[in-house]
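A quick write-up on the structure given underneath.
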Amino acid sequence: MLRTDLATGETGHADIHNAERNALNILGLYADHYDSVQAALDDAFTRKRPVVYLNPTAVYNLSATLTVPAHVTLDGGGRGIGESHRAMLKATSALDPMIELGNYSGLTGCNLNGNALAVTGVLVRANANHIEANWIQNLVTGGAAMKCGGALYTRIVRNGVGNCAGYGLDALNSHSANPQATYYGINHGHSEQNLWGARMGSIRIEGMLYSVSDNFETVLDGDA
């Protein structure tokens, strides 16, 4: 099963026991992992557990969009842009998006591999999300590594985007769940130390985004 909580005295992801890591590897026996990962996320929400940890050495094939519920974070183990030790979520169909975040939810340390099939990596149409230390790659034309619509107080830190045929960050009012009632793509957003590499453009926004030490690349076809 996927780990969704921490025992008393544990400090975090780095202290997951080897036996638990081996148990997570069992998921590698299955061709598709959507049901298992989504069930773990839903269970974390029901039981009020804050984090679902993925095995940082595993590849999780996704045939459908993962929805991260409110107040839950999906953690793949990565902590830096250039780090290879992170769980890979790999699209097996034309997902748009691969992951959608709920209110106050997060995505940390994952490698989102569109596999030249997926259109969008992460969709944010919610409030107060945290997206950190992810690597997003291999997305097709027409989408974005991150797409926002009506997103308020989104924090995006130390993520990398490469081999993306669309935009790095695409935040438009039209992407929101209710464009008629929304007047921004992202508002009071914070982007810091991200590597926005995408062919159509690094970012385009409607609203307000505070950018600190971001790297804007027209094209980036490899890992940073």
(request) Principal axes first, then extents: for the Cα atoms of segment 90-189, list largest minus smallest coordinate on each axis, whole Å, largest first. (result) 34, 25, 18
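Relative to the compact-globule scaling 2.2 N^0.38 Å, provide the ratio for the alpha-carbon radius of gyration of segment 162-209. Before the final figure, lay out the partial values.
Numbers: Rg = 11.6 Å, N = 48, 2.2 N^0.38 = 9.6 Å.
Its radius of gyration relative to the 2.2 N^0.38 Å reference: 1.21.
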(request) Tell me the Kirkwood hydrodynamic radius of segment 137-185 in angstroms, computed as one over the mean inverse distance between distinct C-alpha pairs. (result) 11.5
(message) Taking all protein chains in place and a 1.4 Å probe, what share, in percent, of the accessible surface of segment 65-134 do carbon and sulfur account for?
(response) 48
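Of the listed peptides 90-98, 173-181, 71-79, what is their order by residue-averaged count of other C-beta atoms within 10 Å, with the highest listed first? List each step's numbers first, then the result.
Details: 90-98: 20.8, 173-181: 13.7, 71-79: 22.8.
Sorting 90-98, 173-181, 71-79 by mean packing, highest first, produces 71-79, 90-98, 173-181.
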(message) Please compute the volume of the convex hull spanned by the alpha-carbon atoms of segment 142-224 and report it per residue in Å³.
(response) 70
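The values are calculated or read from the model by the stated rules, or taken from the named source; none is laboratory data. Only a predicted model underlies this, so the values are computations on that prediction, with no experimental measurement involved. In this analysis, Cβ positions are derived from the backbone assuming ideal geometry, glycine residues included, and neighbour counts consider all displayed protein chains. Remember, those area values only see protein heavy atoms, side chains included, never the ligands or the DNA or RNA. Shrake-Rupley method; radii C 1.70, N 1.55, O 1.52, S 1.80 Å.
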